[in-house]
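Worksheet: the structure to be examined is printed underneath.
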Amino acid sequence: MEKQYNEKRPNIPADTRRIIEVDAGHKCTIKNCNEHTYLEIHHINQNREDNKIDNLILLCDKHHKMAHANKIDRKALKEYKKLLNIQIQYHETMVSDDFYTNLINEFESRILKIGFDWLKTLPQVDWSLKVEDYQRLYSLIEWIESRDWIENNDIQNSFKILSKNIQKAIKTFEQHMTQARNKYYFIDKFYKQVDYYSAPGLREKLQKDFDNYTYNLIDLTIEVANNFNTIFRIIRRDIDNTFLSNKIIPNLHGQQLV
């Protein structure tokens, strides 16, 4: 072992060093030592070639010297490392619990303000969407997209799909959106404009295009309804089995929202 320490110290990979420092909170791992200025990474088994995470521990200069002098033996260092890992796991659990509690509370607040009637009325011609609901939907999209998701899982993926499909439905609606009386947006029946009547068959073609446009909007809103269903089921299964259970959510084009 003496020969090993007379040789040049091998470099610890930067990513590994970062993990060790962040896990320890950039301070000495020894209990009740709050030194955070002069820190060194110690190999618990004193093999400098062994850069496995479990073999590395962040120590202050004093405790690092004590470890090399065996004043703090390997068994004790392993216990300190184990204690640190327990603290990390506890913290991650707390963060996870807080994250999902805040997530579903905020989500419930936002969707209840918007309601679900817009999913039924969006493909309709008259009085399709309140201006304030239109703004809230874009706010919901921004909220989903801006969240700092803590892990890649079913609920994160489902929220992202929901955001994408709401945006697709609104963008489609916007293609023929007209505002009336500053309170509502509605779909303009563009094929009724007098200028188009002079061309034979044009009005019929425009009406057919409009009908296809409306059917497309219906399909998109059904897809969004299914996305909501998926999220509700995941939340009730994994986070809160009472989520929105006391709310009446409408039937949509034959698709019942749970």
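Values computed for the structure shown
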| read-out | value |
| --- | --- |
| Cross-chain or 6+ apart pairs with Cβ under 8 Å, region 29-56 first and closer than 12 Å to residue 67 by Cα, then in a loop (DSSP other than H, G, I, E, B) | 30/72; 41/12; 43/50; 43/51; 46/1 |
| Top-ranked residue of region 47-61 - restricted to ones that are surrounded by 14 or more Cβ atoms within 10 Å (Cβ to Cβ) and either at pLDDT 90 or above or of a type in the set (Gly, Ala, Ser) (or both), ranked as farthest from residue 12 (Cα to Cα) | 60 |
| Hits in region 99-146 (condition: among the aliphatic types (A, V, I, L, M), at pLDDT below 85, within 22 Å of residue 216 (Cβ to Cβ) and assigned to a helix (DSSP H, G or I)) | 119 |
| Test: residue in region 84-97 that is surrounded by 13 or more Cβ atoms within 10 Å (Cβ to Cβ) and modelled with pLDDT of 85 or more | no |
| Selected residue (only one of 157, 165 is at pLDDT below 90 and among the polar types (S, T, N, Q)) | 157 |
| Yes/no for residue 230 being in contact with a strand residue (DSSP E or B) (Cβ under 9 Å, 6 or more places away or on another chain) and part of a helix (DSSP H, G or I) | no |
| Residue selected from region 179-210 under the condition closer than 24 Å to residue 222 by Cβ and of a type outside the set (Phe, Trp, Tyr), by the criterion modelled with the lowest pLDDT | 189 |
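The values are calculated or read from the model by the stated rules, or taken from the named source; none is laboratory data. For clarity, every value in this text was computed on a predicted model and none was experimentally measured. A quick note on method: Cβ atoms are made from the backbone with ideal geometry, for glycine too, and the neighbour counts reach across all protein chains shown.
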